[in-house]
1. Can you pick out the pairs among Lys143/Lys288; Lys50/Lys240; Lys143/Lys240; Lys22/Lys184; Lys240/Lys348; Lys7/Lys332 whose Cα atoms lie more than 27 Å from each other?
2. Would you compute, from DSSP H runs of 4+ residues alone, the mean residue ellipticity of the chain at 222 nm, taking -39500 (n - 2.57) per run and dividing by the full residue count, rounded to the nearest 500?
3. State the percentage of accessible surface on the chain attributable to carbon and sulfur atoms; use a 1.4 Å probe and exclude ligands, DNA and RNA.
4. Name the residues whose placed amide hydrogens come within less than 5 Å of the amide hydrogen of Gln314, ignoring near sequence neighbours (fewer than 5 apart) on the same chain.
5. How far is the Cα center of segment 326-362 from the Cα center of segment 107-143, in Å?
6. Label-point separation (nm) for Asp198 and Ala28, each offset 7 Å from Cα along Cα-to-Cβ?
7. When the dipole is taken about the Cα centre of segment 48-156, and only Lys, Arg (+1) and Asp, Glu (-1) are charged at their Cβ, what size is it in debye, to the nearest 20?
8. Segment 292-362: which trypsin sites (Lys or Arg not before Pro) are DSSP loop and have at most 13 other beta-carbon atoms within 10 angstrom?
Amino acid sequence: MQFVDLKAQYHAYQAEIDAAIKEVTTSAQFINGPQVRGLEESLADFVGTKHAVACASGTDALQLALMVSGIGPGDEVITTPFTFIATAETIVLAGARPVFVDIEEHTYNLDPALLESAITGSTKAIIAVDLYGHPAAYEKLEKLAEKHGLKLIEDAAQSLGAARLGRNCGSFGDLAATSFFPAKPIGCYGDGGMIFTDDAEIAETLCCLRNHGQKKRYYHEVIGCNSRLDTLQAAILLVKLAHFPDEISLRIQVAARYNSAFADHFIIPRVADGCVSVFAQYSLRSQKRDEIVGVLQAAGIPVAIHYPVPLHLQPAFSNLGCRIGDFPVAEKIASEIFSLPMHSFLTKEEQNLVIATVLKAV
Ligand SMILES: *Cc1c(COP(=O)(O)O)cnc(C)c1O
């Protein structure tokens, strides 16, 4: 059994994907081929923003979002300590300082009620993460950002296909960044990412920044970077995007099955009112997490822990001077959470085996 079954997915779409790859290899337009623009337009449509700018990874998408927002030395950026490192790593790479704010106990996302007290004169932006594919509390976060004149960036690396109160993930805040890492809800065959915005000027600057700061070849207006999405990856993603709505429904069905099996024994994922989650991870909580994970591993069921150490306790951020107990909710969730196999090709038999083995472990 696979945690995310990319082979089964390839076999299901093989003819279409092989044809799409062949089209690119035959045309030999490996950089900036028409599929890149096509994907940007299709995904902007899918998410509901005016513009989308493709780049080389989700990490780069965050970094470009910070660059275009003018975040740099002396600035503080508020984010969650319970996320993949890229969210806060890019703040440091931009020269700014990450300031962590604890998470909500039930969505595992940034807690808007705690956010205001972390704002200082140096705060320039908030990066909210839609952890496990569940949208953060944007109606509150957008109000706070507006009140304090802060940029709001959505880290939608796990949440394409999710929605909150009728708005799609990828469309919140001033800018949103997503990732096409293979195991994300929609992934490519390598690294890839995208930035979404409604602002034409920001989109144009992003196109320039991702391509060495040039609009015209060899005429460089600003210092940028090399962060383009390969045409091959765009072509593969265009095939997958056509199947994505069906895959989302299947993921939600798997989650519903897991929920009904586990509700009496675990804290199951809670979907807030008016929200759709894409279950980038299906995660349960238990105080006996480590024992249960051991039993599952021994039975050959792939499990993962997203994430075992919150960012404020990672050695990489030791210079921030955080201590155990600073963000108690994040610390508690990190000690209890574990994720089960979740993808749209998980067969009924595999689901049954996961369910039976987890229930046997409790
Ligand atoms: C995966 C991920 C990223 C980084 O994406 P890459 O494409 O791997 O660079 C950033 N933030 C979150 C929350 C992620 O899950």
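The values are calculated or read from the model by the stated rules, or taken from the named source; none is laboratory data. On a predicted model such as this, the values are computed, not experimentally measured, just so you know. Every residue, glycine among them, receives a Cβ derived from its backbone with ideal geometry; neighbour counts consider all protein chains shown. Keep in mind that these areas ignore ligands, DNA and RNA; they rest on the heavy atoms of the full protein, side chains included. Shrake-Rupley method; radii C 1.70, N 1.55, O 1.52, S 1.80 Å.
1. Lys143/Lys288; Lys143/Lys240; Lys7/Lys332
2. Result for the chain, helices only: -12500 deg cm²/dmol.
3. Within the chain, the accessible surface is 53 percent carbon and sulfur.
4. none
5. If you average the Cα positions of each part, the centres end up 26 Å apart.
6. Modelled inter-label distance: 4.4 nm.
7. The calculation lands at about 380 debye.
8. Passing sites in segment 292-362 are Arg323.
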